[in-house]
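Notes follow once the structure below has been shown.
The values are calculated or read from the model by the stated rules, or taken from the named source; none is laboratory data. Keep in mind it's a predicted model, so treat the numbers as computed, not measured. Don't worry about glycine lacking a Cβ; one is built from the backbone with ideal geometry, like all the others, and counts go over all protein chains shown. Surface areas here come from the heavy atoms of the whole protein model, side chains and all, with no ligands, DNA or RNA. Shrake-Rupley method; radii C 1.70, N 1.55, O 1.52, S 1.80 Å.
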Amino acid sequence: MDIDFTHIEGIIFDLDGTLVASELNFSAIKAHLGCPDTSDILEYLSSLTDEQSQQQAHQYILDQELADAQHAGWLDTGKWLVNTALSRQLPIAIVTRNSIEATRLKIANNAIPIELVLTREDAPPKPDPTALLSIARHWDIPPKKCLYVGDFIYDQQAAENAGMKWLLV
């Protein structure tokens, strides 16, 4: 993989599909929840007005994420990018739409050497740029000098919304 890191001062990674493999079946999850195929799951959950239904849906998603986390393994490209960033002494972080519990499990099971992690409990989920901008501020690096690496359209949209460079893997 040939990437120009010349003007990059910090790299933020997505987690599922970028650093680790994920076998979450979003179509099946949406069907179980009654979420339309064209809707975002997290937006759908926040639109539920019945508190008990919302709590049950959140628990179902968490159960699916934790089961997926048990088997999630490093992806070669993600591991190479993390190691390259570390060798260049660039600060690195993770921004994910995952729950904190599933995220911690995936990081621990794979010994991912990234400490700065923001999940959906820490900031509005992507494509909202809040989490990315928070990390850039924390590092005191202008967003335009940060790279966001992900595997889904929300990752690209979040990076563009934050004014960051992005890499779709």
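Below is a table of values for the structure above.
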read-out: Residue match in the stretch 69-90 (condition: crowded, with 17+ Cβ neighbours inside 10 Å, among the aromatic types (Phe, Trp, Tyr) and modelled with pLDDT of 95 or more); value: yes
read-out: Qualifying residue in the stretch 8-21 (condition: of a type in the set (Ser, Thr, Tyr) and more than 20 Å from CYS146 (Cβ to Cβ)); value: no
read-out: Residue match in the stretch 12-25 (condition: free of Cβ contacts under 8 Å to residues at least 60 places away in the same chain and in a helix (DSSP H, G or I)); value: no
read-out: Helices (runs of 4 or more DSSP H) enclosed by the stretch 33-89 - at least 1 residues per element that are of a type in the set (A, V, I, L, M), without any contact (Cβ under 8 Å) to a residue 40 or more places away in the chain and touching a helix residue (DSSP H, G or I) at 6+ places or on another chain (Cβ under 6 Å); value: 41-47, 51-69
read-out: Residues of the stretch 145-155 classified as open to solvent by 40 Å² or more (accessible area, probe 1.4 Å) and not hydrophobic (A, V, I, L, M, F, W, C), total; value: 3
read-out: Hits in the stretch 156-169 - residues which are assigned to a strand (DSSP E or B) and open to solvent by less than 60 Å² (accessible area, probe 1.4 Å); value: LEU167
read-out: Within the stretch 129-155, considering residues that are of a type outside the set (Phe, Trp, Tyr) and assigned to a strand (DSSP E or B), the one nearest to the chain's Cα centre (by Cα); value: GLY150
read-out: Test result for HIS7, over 14 Å from the mean Cα position of the chain (by Cα), under 25 Å from PRO142 (Cα atoms) and open to solvent by 80 Å² or more (accessible area, probe 1.4 Å); value: yes
read-out: Residue within the stretch 113-128 that is part of a helix (DSSP H, G or I) and among the hydroxyl-bearing types (Ser, Thr, Tyr) present; value: no
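Okay, residues lined up against (1) surrounded by fewer than 16 Cβ atoms within 10 Å (Cβ to Cβ); (2) polar (S, T, N, Q); (3) in contact (Cβ under 8 Å) with a residue 40 or more places away in the chain:
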site: ILE92; (1), (2), (3): no, no, yes
site: ALA102; (1), (2), (3): no, no, yes
site: LYS106; (1), (2), (3): no, no, yes
site: ASN110; (1), (2), (3): no, yes, yes
site: PRO113; (1), (2), (3): yes, no, no
site: THR119; (1), (2), (3): no, yes, no
site: ASP122; (1), (2), (3): yes, no, no
site: ASP140; (1), (2), (3): yes, no, no
site: PRO143; (1), (2), (3): no, no, no
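Yes or no, residue by residue, for (1) farther than 14 Å from PHE13 by Cβ; (2) touching a Phe, Trp or Tyr at 6+ places or on another chain (Cβ under 8 Å); (3) acidic (Asp, Glu):
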position: ALA67; (1), (2), (3): yes, no, no
position: GLN70; (1), (2), (3): yes, no, no
position: GLY78; (1), (2), (3): no, yes, no
position: VAL95; (1), (2), (3): no, yes, no
position: THR103; (1), (2), (3): no, no, no
position: ALA108; (1), (2), (3): yes, no, no
position: GLU115; (1), (2), (3): no, no, yes
position: LEU118; (1), (2), (3): no, no, no
